[in-house]
Amino acid sequence: MTSLAVVPGSFDPVTLGHLDVIERARNIFDEVHVVVVHNPSKTAMLPVARRLELIEASLRDAGISDRVVVTSWSVGLLVDYCQEVGATVLVKGIRSEADVTYETPMAIVNRDLAKVETVFLLPDPAHNHVSSSLVRQVAALGGDVSPYVPAAVSRFMASGDFV
Ligand code: PNS
């Protein structure tokens, strides 16, 4: 039987911490679906299509693109996506106690809704201070985000396409 896990997130943009969690999930599960969850009520920095492109390029550059599907989901619950593809496991990265506090209610609700279990993985602590919101803030103020994001993302953010 093929094991399948879903790694959801906003990925606005994908960071080195996300990449670390995706790689760890891929080491455990046969197939991993990285799902960009589009929240229309949240103002995003990057359109979903660009987020998908940057995740795909980052996975390719890191040599971890096979057995990983990159897609988006904007209609209904995340567990609806899980049911559509037959996934019973979500993977989330945990950097701190604050992440546990934030993720625990969602994990319980997802289990109540559709028996989808959440597995928490610990990324390399070197990435514990890294978040997409921090990257967005540094980028908005003209700072260098290259220590926090894959090369494909920093190249894009330094390009004329972004500014
Ligand atoms: O990268 P983020 O912004 O921390 O990701 C949060 C995300 C997208 C994983 C979370 O908001 C989510 O799971 N959204 C799906 C909406 C949903 O199904 N909600 C009900 C159960 S929690």
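Just wondering, is there one or more residues in the stretch 96-110 that are loosely packed, with under 12 Cβ neighbours inside 10 Å, modelled with pLDDT of 95 or more and closer than 25 Å to Leu46 by Cβ? The answer is yes; a qualifying residue exists. A count restricted to the stretch 38-58 and to residues that are touching a helix residue (DSSP H, G or I) at 6+ places or on another chain (Cβ under 6 Å) and within 16 Å of the ligand (Cβ to nearest atom) stands at 4. The set of residues in the stretch 43-59 being β-branched (Val, Ile, Thr) and assigned to a loop (DSSP other than H, G, I, E, B) consists of Thr43 alone. Filtering the stretch 136-148 to residues that are more than 16 Å from Arg95 (Cα to Cα) and within 16 Å of the ligand (Cβ to nearest atom) leaves Arg136, Gln137. Taking residues in the stretch 2-13 that are within 14 Å of Thr71 (Cβ to Cβ), and partners anywhere that are of a type in the set (D, E, K, R) and not in a strand (DSSP E or B), the pairs with Cβ atoms closer than 6 Å and at least 6 places apart or on different chains are Phe11/Arg51. Please verify whether His18 is crowded, with 18+ Cβ neighbours inside 10 Å, more than 22 Å from Tyr148 (Cα to Cα) and within 13 Å of the ligand (Cβ to nearest atom), treating the condition exactly as stated. In short, no.
Of all residues in the stretch 66-95, those satisfying the criterion of being β-branched (Val, Ile, Thr), within 13 Å of the ligand (Cβ to nearest atom) and surrounded by 15 or more Cβ atoms within 10 Å (Cβ to Cβ) are Val79, Val91, Ile94.
Among the residues of the stretch 130-148, those that are among the polar types (S, T, N, Q) and assigned to a helix (DSSP H, G or I) comprise Ser132, Ser133, Gln137.
The values are calculated or read from the model by the stated rules, or taken from the named source; none is laboratory data. These numbers come from a predicted model, not from an experiment. Using ideal geometry, Cβ is built from the backbone for each residue, glycine included, and neighbour counts are taken over all protein chains shown.
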